[in-house]
Amino acid sequence: MKINRTLALLETGLGATKLLPSVQSVVLTLSQRTRAPGARHFWREHLRRVQYANPELPIVVNFPREPCKPVLEITFDNASPVSFNLDLLSSNDICKRLLEKAAHTSS
């Protein structure tokens, strides 16, 4: 029963979306010494769904010891990386920004 519940949580909700094939990697940098509740919640909840929906996509989480602002960087095939500051953003807002930049859009 618990496995079914866990799978249901991974397969549904914000972040359970297939990203564009041109996305090469996603890197989250989150300092051990900086308070960033939105970024930490994004890491615990939403990033797991993104990773489950995109198993071949390299997702790296860096935890430097020195204080720094939390940053999410998305690398594409033939473009410069897109990064944005996560400071003062909620976890839902962070996930929505990631999906705006890197997810399939149905028009």
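The values are calculated or read from the model by the stated rules, or taken from the named source; none is laboratory data. All values derive from a computational prediction rather than experimental measurement. So basically every Cβ, Gly included, is an ideal-geometry build from the backbone, and we count neighbours across all protein chains shown. Protein only, heavy atoms only, side chains kept; ligands, DNA and RNA dropped before computing areas. Shrake-Rupley method; radii C 1.70, N 1.55, O 1.52, S 1.80 Å.
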**Item:** Where residue 48 falls short, out of the listed (1) open to solvent by less than 90 Å² (accessible area, probe 1.4 Å); (2) in a helix (DSSP H, G or I); (3) not hydroxyl-bearing (Ser, Thr, Tyr)
**Value:** (1)
**Message:** Quick test of your reading of the structure: residue 86 fulfils all but one of (1) touching a strand residue (DSSP E or B) at 6+ places or on another chain (Cβ under 8 Å); (2) surrounded by fewer than 16 Cβ atoms within 10 Å (Cβ to Cβ). Name the failing condition by number.
**Reply:** (2)
**Message:** Can you pull out every residue in segment 51-64 that is more than 17 Å from residue 91 (Cα to Cα) and open to solvent by 40 Å² or more (accessible area, probe 1.4 Å)?
**Reply:** 52, 55, 56, 58, 60, 62, 63
**Request:** Please specify each residue of segment 51-67 satisfying the condition of being in contact (Cβ under 8 Å) with a residue 24 or more places away in the chain and part of a helix (DSSP H, G or I).
**Result:** 52, 53
**Asked** Do we find that residue 40 is of a type outside the set (Phe, Trp, Tyr), open to solvent by 20 Å² or more (accessible area, probe 1.4 Å), assigned to a helix (DSSP H, G or I) and touching a Pro at 6+ places or on another chain (Cβ under 9 Å) in this structure?
**Response** yes
**Message:** Can you tell me how many residues within segment 5-19 are at pLDDT 85 or above and of a type outside the set (A, V, I, L, M, F, W, C)?
**Reply:** 2
**Request:** Looking only at segment 23-36, decide whether some residue is among the hydroxyl-bearing types (Ser, Thr, Tyr), closer than 18 Å to residue 95 by Cβ, assigned to a strand (DSSP E or B) and open to solvent by less than 60 Å² (accessible area, probe 1.4 Å).
**Result:** yes
**Message:** Condition check: among the β-branched types (Val, Ile, Thr), under 12 Å from residue 28 (Cβ atoms), touching a Lys or Arg at 6+ places or on another chain (Cβ under 6 Å) and open to solvent by less than 40 Å² (accessible area, probe 1.4 Å). Does residue 74 satisfy that?
**Reply:** yes
